[in-house]
1. Using DSSP to define loop residues, name the chymotrypsin sites (Phe, Trp or Tyr not before Pro) in the chain whose beta-carbon has at most 12 other beta-carbon atoms within 10 Å.
2. Over the stretch 1-80, what is the relative contact order in percent, taking alpha-carbon pairs closer than 8 angstrom and at least six residues apart?
3. With springs only between Cα atoms under 10 Å apart, run a GNM on the chain and tell me which of Val52, Val61, Val17 wobbles the most.
4. Eigenvalues of the Cα gyration tensor times 5, then square-rooted: what semi-axes does that give for the stretch 6-81, in whole angstrom, largest first?
5. Expected output is a single nm value to one decimal: the length gained when fully extending between Thr60 and Lys78, i.e. 0.36 nm times separation in residues minus the C-alpha distance. What is it?
6. Could you check how much of the accessible area of the chain is carbon and sulfur, as a whole percent, using a 1.4 Å probe?
7. Using 19 Å as the cut-off for backbone N distance, which residues of the stretch 48-81 belong to the label zone defined by a point 7 Å from the Cα of Ala36 along Cα→Cβ?
8. If the only charges are +1 at each Lys and Arg Cβ and -1 at each Asp and Glu Cβ, what is the size of the charge dipole of the chain around the Cα centre, to the nearest 20 debye?
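The values are calculated or read from the model by the stated rules, or taken from the named source; none is laboratory data. Keep in mind that what you see is a predicted model, and the values were worked out from it rather than measured. Glycine gets a Cβ as well: all are built from the backbone with ideal geometry, and neighbour counts include every protein chain shown. Just so you know, the surface numbers come from the protein's heavy atoms only, side chains and all, with ligands and any DNA or RNA stripped out. Shrake-Rupley method; radii C 1.70, N 1.55, O 1.52, S 1.80 Å.
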Amino acid sequence: MALTLYHVEWCPDCIAVRETLSRLGAAYTGVIVPDARPLRKQVYDVSGQYFVPVLTDGDTVLTETDDIVAHLETHYAKTPS
(Lines give C-alpha, C1' and ligand atoms only; values in the text may rest on other atoms or scores of the structure.)
Protein backbone atom coordinates (compact mmCIF):
# COMPACT_ATOMS: atom_id res chain seq x y z
CA MET A 1 0.00 0.00 0.00
CA ALA A 2 1.07 3.58 -0.46
CA LEU A 3 2.13 5.49 2.65
CA THR A 4 1.69 9.25 2.81
CA LEU A 5 2.90 11.30 5.76
CA TYR A 6 1.54 14.80 6.30
CA HIS A 7 3.99 16.67 8.51
CA VAL A 8 5.98 19.79 9.31
CA GLU A 9 9.77 19.74 9.54
CA TRP A 10 10.14 21.00 13.14
CA CYS A 11 7.48 18.91 14.92
CA PRO A 12 9.00 16.39 17.41
CA ASP A 13 6.18 13.89 16.79
CA CYS A 14 6.66 14.21 13.03
CA ILE A 15 10.39 13.64 13.45
CA ALA A 16 9.70 10.48 15.48
CA VAL A 17 7.45 9.14 12.71
CA ARG A 18 9.98 9.98 9.98
CA GLU A 19 12.72 8.27 11.98
CA THR A 20 10.54 5.16 12.34
CA LEU A 21 9.82 5.13 8.61
CA SER A 22 13.53 5.48 7.89
CA ARG A 23 14.56 2.77 10.36
CA LEU A 24 12.04 0.36 8.86
CA GLY A 25 13.04 1.26 5.30
CA ALA A 26 9.41 2.00 4.46
CA ALA A 27 8.89 4.00 1.28
CA TYR A 28 6.50 6.91 1.71
CA THR A 29 5.46 10.19 0.21
CA GLY A 30 6.08 13.14 2.51
CA VAL A 31 3.76 16.11 2.28
CA ILE A 32 5.07 19.13 4.15
CA VAL A 33 2.13 21.23 5.25
CA PRO A 34 2.00 24.85 6.45
CA ASP A 35 3.06 25.64 10.01
CA ALA A 36 -0.22 27.45 10.70
CA ARG A 37 -2.92 24.90 11.54
CA PRO A 38 -5.80 26.76 9.84
CA LEU A 39 -3.88 26.56 6.54
CA ARG A 40 -3.52 22.76 6.63
CA LYS A 41 -6.41 22.08 4.27
CA GLN A 42 -4.82 18.88 2.94
CA VAL A 43 -4.55 17.48 6.46
CA TYR A 44 -8.14 18.39 7.27
CA ASP A 45 -9.42 16.88 4.02
CA VAL A 46 -7.70 13.57 4.84
CA SER A 47 -8.23 13.34 8.60
CA GLY A 48 -10.93 15.80 9.67
CA GLN A 49 -8.47 17.66 11.92
CA TYR A 50 -5.53 20.05 11.56
CA PHE A 51 -2.88 18.40 13.72
CA VAL A 52 0.18 16.54 12.41
CA PRO A 53 1.55 14.00 11.95
CA VAL A 54 -1.08 12.21 9.90
CA LEU A 55 -0.25 9.00 8.09
CA THR A 56 -2.37 7.38 5.43
CA ASP A 57 -1.80 3.78 4.48
CA GLY A 58 -4.23 3.01 1.71
CA ASP A 59 -7.66 3.63 3.24
CA THR A 60 -6.29 3.69 6.80
CA VAL A 61 -5.84 7.15 8.34
CA LEU A 62 -3.81 7.47 11.54
CA THR A 63 -3.63 10.71 13.52
CA GLU A 64 -1.88 9.84 16.79
CA THR A 65 1.90 9.44 16.89
CA ASP A 66 1.85 6.29 19.06
CA ASP A 67 -0.77 4.71 16.80
CA ILE A 68 1.25 5.60 13.69
CA VAL A 69 4.45 4.09 15.09
CA ALA A 70 2.63 0.95 16.26
CA HIS A 71 1.01 0.55 12.84
CA LEU A 72 4.36 0.91 11.10
CA GLU A 73 6.05 -1.56 13.45
CA THR A 74 3.24 -4.08 12.93
CA HIS A 75 2.94 -3.79 9.17
CA TYR A 76 6.39 -2.72 7.92
CA ALA A 77 8.98 -4.25 10.26
CA LYS A 78 11.06 -6.75 8.37
CA THR A 79 11.02 -10.20 9.89
CA PRO A 80 14.33 -12.05 10.02
CA SER A 81 14.69 -14.80 7.43
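1. Loop-located and lightly packed - Trp10.
2. For the stretch 1-80, the relative contact order is 36 percent.
3. Most flexible of the set in this elastic network: Val61.
4. Square roots of five times the eigenvalues give 23, 13, 10 Å.
5. Here the segment from Thr60 to Lys78 would lengthen by 4.4 nm.
6. Percent of accessible area from carbon and sulfur atoms in the chain: 54.
7. Residues 49-52 fall inside that zone.
8. 200
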